[in-house]
Amino acid sequence: MDQPELGATFRHEGVAAAYRYRPPYPEDVFDRLEELIVDEPRVVLDIGAGEGAIARPLAARVERVDAVDISAAMVDAGRQRPGGDQPNLRWYVDAVETAELQGPYALVTAGASLHWMRGEETIARLAKVMTPNAQLAVITHGPRDVPWREDLVTVLKRHSRSPGYDPAFRVVDALREQGLLEVTGSATSTAVPFRQSVADYIEQFHSTASLAREHMSSNESAAFDAAIEEVVRPWASADGTLALTIVAELTWARPSENARRV
């Protein structure tokens with residue numbers, strides 16, 4: 001499947017529903033994001049916001065957050081999640097490249113979303129709505145150092161609809177190599193313990209475009225779930241939960257002069 005087709009997967013209600021099984025961001029991620037805001041007004045743009053895992057906690061700390069996502073299903077899910085109805089959290093069902101943004105923004109955030117966007121067009125658009133010292137902060141997070149990683153990657157590659165699936169891919173590096181971003185800093189969050197049932201751990205994979213149930217037959221979906229359970233079950237406790245350590249990686253950058261000229 002190609003990128004546009006995969007990206008459209010997030011419009012499915014099943015994918016949006018599975019998002020709740022992704023682990024939360026460590027709390028100090030939001031401390032760091034607050035520190036990156038040095039301009040006024042303290043208004044944030046969250047692009048590819050999904051169901052608001054970044055936007056909802058951040059809205060409690062700033063003047064306003066504008067959360068943009070192409071999926072109405074994601075936005076509907078986000079409105080119903082804790083903090084999703086804050087009056088200073090504004091939701092937009094649109095692509096960041098075409099949304100009627102109400103900047104300027106003192107910070108732009110992106111979780112696991114930037115790689116789905118048209119890089120040159122997106123960064124050029126952001127450059128026009130960011131304040132003079134605003135940063136684009138890209139945050140990735142997930143379990144760190146799981147002992148079943150090698151077997152897990154084998155299963156993911158076997159079922160992924162992304163032909164170029166590369167667990168080591170970093171979108172910031174790709175945009176920097178294209179001359180679109182100038183990286184100004186990075187940080188690693190505190191490692192946070194997180195317990196999750198085997199069933200919920202499996203389900204969160206179906207919140208990704210390349211492993212959505214909507215792209216699998218019922219037989220393949222069942223086979224995928226069984227394969228993941230086989231990989232992780234030996235590590236589960238007696239109550240059927242996995243002990244995970246969640247870590248977030250943050251990189252912040254400014255649009256390059258090349259991007260501003262687009």
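The values are calculated or read from the model by the stated rules, or taken from the named source; none is laboratory data. Only a predicted model underlies this, so the values are computations on that prediction, with no experimental measurement involved. Because the Cβ atoms are built from the backbone with ideal geometry, glycine has one as well, and the counts that use them run over all protein chains shown. Note: areas computed on protein heavy atoms with side chains; ligands, DNA, RNA excluded. Shrake-Rupley method; radii C 1.70, N 1.55, O 1.52, S 1.80 Å.
As a fraction of the 1.4 Å probe accessible area of the range 46-200, surface on carbon and sulfur atoms comes out at 48 percent. Taking a ≥ b ≥ c as the square roots of the eigenvalues of the Cα gyration tensor, the range 1-151 is classed as rounded, since a/c falls below 1.5.
Dividing the alpha-carbon radius of gyration of the range 103-262 by the rule-of-thumb value 2.2 N^0.38 Å gives 1.23.
Averaged per residue, the range 179-252 has 44 square angstrom of accessible surface, using a 1.4 angstrom probe with ligands and nucleic acids left out.
Is it possible to state the helix-based mean residue ellipticity at 222 nm for the chain, with each DSSP H run of 4+ residues giving -39500 (n - 2.57), the sum divided by total residues, to the nearest 500 deg cm²/dmol? What is it? Value at 222 nm, helices only, nearest 500: -9500 deg cm²/dmol. Nothing charged except the Cβ atoms of Lys and Arg (+1) and of Asp and Glu (-1): what's the magnitude of the dipole of the chain about its Cα centre? Round to the nearest 20 debye. That gives the chain a dipole magnitude of about 160 debye.
Placing +1 on the Cβ of every Lys and Arg and -1 on the Cβ of every Asp and Glu, with nothing else charged, gives the range 1-142 a dipole about its Cα centre of roughly 220 debye.
Annotation for the range 128-155 versus the range 61-86: alpha-carbon center distance of 20 Å. Taking the full set of protein chains and a 1.4 angstrom probe, give the accessible area of HIS215 in square angstrom, rounded to the nearest 10. My reading of the accessible area for HIS215 is about 40 Å². Contact order for the chain, expressed relative to its length and based on alpha carbon pairs under 8 Å spaced 6+ residues apart, stands at 26 percent.
In this structure the range 53-125 gives 41 Å² per residue of accessible area when probed at 1.4 Å with all protein chains present.
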